[in-house]
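**Q** Got a structure for you, written out below as structure tokens; questions coming shortly.
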Amino acid sequence: SQQGEEDPQALSIQEGENATMNCSYKTSINNLQWYRQNSGRGLVHLILIRSNEREKHSGRLRVTLDTSKKSSSLLITASRAADTASYFCATDSGSARQLTFGSGTQLTVLP
Amino acid sequence: GAGVSQSPSNKVTEKGKDVELRCDPISGHTALYWYRQSLGQGLEFLIYFQGNSAPDKSGLPSDRFSAERTGGSVSTLTIQRTQQEDSAVYLCASSLGERGPNYFGPGTRLTVT
């Protein structure tokens, strides 16, 4: 079963706008990670946030984590057409050695 | 340095045939994972190798699926008597340890006709 569920499933915005994607999960975690996937091939790791962290930044990316609500959000600021991709959250729950991925958000940034 | 590589990039096979998919992890990474992704879906965990420990096979969907990792490096995923529902992209990832980011290969797109 999937631990993380992303919301929305699809998001379409204009270049320059901000994009926000949300992830909810069910069990306690060690960390939560966000990945990007272009064209259905390999995933690229974007950012990792540990369970004792509340917010993390990396370039135009901002991730928040609310362990009380079992949710995380990924914000991409000043989006570009090249940001068009699928974005997945993945949880390291500690009870399993592998990451558990959500079903992803398909982001389309229109030029 | 070099990333995770997988071969072949695409494989078309007839139903009932066996296939072997190969993964070369990043040098020095002790953890290796196989995932499967069906069209428009998230990733489904298949199997996990960590060092010399026994692999975690809990995600393998049937006994037609097996994997091995030789010398703690290269891994091969074997699917016997392929079925059409096996069609998917098979992704391999490696990481330095159990809790770090996964570094993914480009995947093998398997099509069973």
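**Q** Checking the structure you have, find out if any residue of region B:45-55 is open to solvent by 50 Å² or more (accessible area, probe 1.4 Å), part of a loop (DSSP other than H, G, I, E, B) and on the phi > 0 side of the Ramachandran plot.
**A** The first filter runs over region B:45-55 and keeps only residues open to solvent by 50 Å² or more (accessible area, probe 1.4 Å), leaving B:52-54.
Now narrow it down to the ones that are part of a loop (DSSP other than H, G, I, E, B): B:52-54.
Keeping just the survivors that are on the phi > 0 side of the Ramachandran plot gives none.
Within region B:45-55, not a single residue is open to solvent by 50 Å² or more (accessible area, probe 1.4 Å), part of a loop (DSSP other than H, G, I, E, B) and on the phi > 0 side of the Ramachandran plot.
**Q** Additional query: Within region A:58-111, restricting attention to residues that are in a loop (DSSP other than H, G, I, E, B), under 26 Å from B:Thr30 (Cβ atoms) and of a type in the set (Ser, Thr, Tyr), which residue is most open to solvent (accessible area, probe 1.4 Å)?
**A** Ranking the candidates gives A:Ser95 first.
**Q** What do you reckon, is B:Leu96 open to solvent by less than 50 Å² (accessible area, probe 1.4 Å) and either among the aliphatic types (A, V, I, L, M) or more than 22 Å from A:Gly102 (Cα to Cα) (or both)? I'd like the intermediate steps shown before the answer.
**A** Working: open to solvent by less than 50 Å² (accessible area, probe 1.4 Å): no; either among the aliphatic types (A, V, I, L, M) or more than 22 Å from A:Gly102 (Cα to Cα) (or both): yes.
The answer is no for B:Leu96.
**Q** Now for a separate question. Starting from region B:1-14, take each residue that is modelled with pLDDT under 95 and list its partners that are open to solvent by 90 Å² or more (accessible area, probe 1.4 Å), counting only C-beta distances under 8 angstrom and pairs at least six apart or across chains.
**A** B:Gly1/B:Ser27; B:Ala2/B:Ser27; B:Gly3/B:Tyr103
**Q** Quick test of your reading of the structure: B:Leu21 fulfils all but one of (1) within 11 Å of the chain's Cα centre (by Cα); (2) surrounded by fewer than 16 Cβ atoms within 10 Å (Cβ to Cβ); (3) of a type outside the set (S, T, N, Q). Name the failing condition by number.
**A** Looking at each condition in turn, B:Leu21 falls short on (2).
**Q** Please count how many residues of region B:27-48 are more than 30 Å from A:Ala10 (Cα to Cα) and touching a Phe, Trp or Tyr at 6+ places or on another chain (Cβ under 8 Å).
**A** Residues flagged as more than 30 Å from A:Ala10 (Cα to Cα) and touching a Phe, Trp or Tyr at 6+ places or on another chain (Cβ under 8 Å) within region B:27-48 amount to 4.
**Q** Taking the residues in region A:13-46 that are among the polar types (S, T, N, Q) and under 15 Å from A:Ala82 (Cβ atoms) as candidates, determine which candidate is surrounded by the most Cβ atoms within 10 Å (Cβ to Cβ).
**A** Across region A:13-46, the extreme among qualifying residues is A:Gln37.
**Q** Still on this structure, please answer the following. Would you check if there is a residue in region B:28-38 being touching a Leu at 6+ places or on another chain (Cβ under 6 Å), within 14 Å of chain A (Cβ to nearest Cβ), hydroxyl-bearing (Ser, Thr, Tyr) and surrounded by 15 or more Cβ atoms within 10 Å (Cβ to Cβ)?
**A** Yes, that holds for at least one residue.
The values are calculated or read from the model by the stated rules, or taken from the named source; none is laboratory data. Quick caveat: nothing in here was measured; it's all calculated off a predicted structure. Note that we place each Cβ from the backbone using ideal geometry, even for glycine, and neighbour counts take in every protein chain shown. Ligands, DNA and RNA are excluded from the accessible area calculation, which covers all protein heavy atoms including side chains. Shrake-Rupley method; radii C 1.70, N 1.55, O 1.52, S 1.80 Å.
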